[in-house]
Amino acid sequence: METSLALEGSGSCIADARHLAAAFLTRARTEHLAVSTRVVELTQLVVSELVTNACKYAPGPVLLRLRVLAAAVEVAVWDSHPLLPVPRAADPGRLGQHGLEIVMAVAQAVDVRREPVGKRITARIPLDDDPGPRLATDAA
């Protein structure tokens, strides 16, 4: 199952992308796929952050592709800017520029690649609703 949307970078493109993600996952539910509200919300968050960055930093169009894989939702955003983003060190005092940090925190995997034109950032959100522990801790 897959869908895509070309975005022009206008003021409504982020909302359009979020709505597409919600509608896509609602359709997946009608095809008897277990998609929790949490997975829908995380997918919308990832879409919002990646599309915001693309619209803010890349000239020209943006392409959003959503796919349901066996155990995950894959969100891929292509833009025309060749510069690859680099995650910044956490800084609670910094205003803005936390998008990639957020995506990396909620996604199972994040892949950033140069394309013949621009770049593509792909994030996978697991369909398994159990977030589980993200960090190992020592039991005392």
task = Give me the percent of the accessible area of the chain that comes from carbon and sulfur atoms, probe 1.4 Å, all protein chains in place.
result = 57 percent
Taking N as its residue count, the alpha carbon Rg of region 1-47 over 2.2 N^0.38 Å = 1.18
inquiry  = Test of understanding: in a Gaussian network model of the chain with alpha carbons linked when under 10 Å, which of R120, R18, R38 would top the mean-square fluctuation ranking?
reply    = R38
Column: log10 I(q)/I(0), Debye, Cα scatterers of the chain, q = 0.17, 0.18, 0.20 Å⁻¹ = -0.93, -1.03, -1.22
Net dipole in debye of the chain [+1 Lys, Arg Cβ; -1 Asp, Glu Cβ; about Cα centre; nearest 20] = 280 debye
request  = Would you mind getting the accessible area per residue of the chain, heavy atoms of the protein chains only, 1.4 Å probe, in Å²?
outcome  = 58 Å²
note = Quotient of Cα radius of gyration and Kirkwood radius for region 1-84, i.e. Rg/Rh, equals 0.98
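The values are calculated or read from the model by the stated rules, or taken from the named source; none is laboratory data. Because the structure is predicted, anything quoted here is derived from the model rather than measured. Cβ sites come from the backbone with ideal geometry, for glycine too, and all protein chains shown count toward neighbours. All accessible areas refer to the heavy atoms of the entire protein, side chains included, with ligands and DNA or RNA removed. Shrake-Rupley method; radii C 1.70, N 1.55, O 1.52, S 1.80 Å.
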